[in-house]
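Data first, discussion second: the structure below is written as structure tokens.
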Amino acid sequence: MREKQFKKAMLGAGYVSAVIFCLLPFVYMLYISFIDAASLFSKQEAAFTLKNYVNVIKGENLHFLTYLKNSVVIALISSLVTVIIAGLGAYAVTRMDFKWKTAVLLGVLGVSFFPQISIAGYIFKMLAALGLLNTYTGLIFPYTAWALPLSLWILAGYFLSVPPDLDKAAKVDGAGNFQIMAYVILPVALPGIVTAFLLSFIFMFNEFLFALMFTSDEAARTVPVAIALFTGLHGQVPWGDIMAAAALTTAPIAALAAVFQKRIISGLTQGAVK
């Protein structure tokens, strides 16, 4: 009995420690975002204020709302394009007979192993030659290519879980490959599609390196880069503004993950289990 109680206590302590470890940076971020910069590094009592959030939202020199719009639009378009291409590719490798299907999947997965920095220079030269630097398109192309392997593997695993008898029944009724995919496969595999879209969106919304290298101003720069480049008068670091901007940026992503966590988990696991 004591052994069971000890195991439960240790398990509970582990859960609490993990939660504290994960949430502590966010709690500290929120705390700093509500503290006046003048009292942040002084011995005087910290003063609660909303000035940091007002500065971030209304500051003419920060362009935060523009950066936020850029991040949302680029991540949304890139995720949609990624899911469409990955869906077509997953249907091809799971439903059509051709040689080297496994090699295609492994090759796509192998490409994703290359670190971003190893190909960033070549992508920069290509975008510069095409005149796509500091544009939405200049980020959408590399974002889509970078997120495609994960989405393809998620959807391929989920499409494999759909019974082939559904395809045969649709073919008997005269349906073609596109109709089978649109009206048979996609509705059944909807959780996997939503999972691929959400993970791609979160990844692209938070991406930093490509956005740093391929953009130069608020025309296409995204929120992560903008926050990293926040500077105040005389070069000092405006920690209050940075934390307020980080809190405003984190809130929608955290809400998205919280609302769709069950669908994300089911989409990642059901395709492998069925």
Efficiency of FRET between LEU88 and VAL27 - r from beta-carbon atoms, R0 41 angstrom, step 0.05: 0.40
Taking the chain and dividing mean pair separation by its residue count, relative contact order in percent (alpha carbons under 8 Å, at least six apart): 31 percent
Among SER33, SER200, SER17: highest mean-square fluctuation, GNM of the chain, C-alpha pairs under 10 Å: SER17
Nitroxide proxy distance, nm - points 7 Å out along Cα→Cβ at THR231 and LYS168: 6.8 nm
Student exercise, the chain dipole from Lys, Arg, Asp, Glu Cβ charges, in Debye to nearest 20: 800 debye
Degrees separating the helix 116-130 axis from the principal Cα axis of the chain, which is the longest one: 80 degrees
Approximate spin-label separation ALA219-TYR15, in nm, with each point projected 7 Å along Cα-to-Cβ: 5.3 nm
R0 of 51 Å, Cβ-Cβ distance PHE208-LYS99: FRET efficiency to nearest 0.05: 0.85
Difference of contour (0.36 nm per residue) and Cα-Cα distance, ALA257 to LEU109: 50.8 nm
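Read-outs throughout are calculated quantities, based only on the coordinates presented, and are distinct from any laboratory measurement. Being a predicted model, the structure only gives us computed values, none of them experimental. All Cβ positions, even for glycine, are placed from backbone atoms using ideal geometry, and neighbour counts span all protein chains on display.
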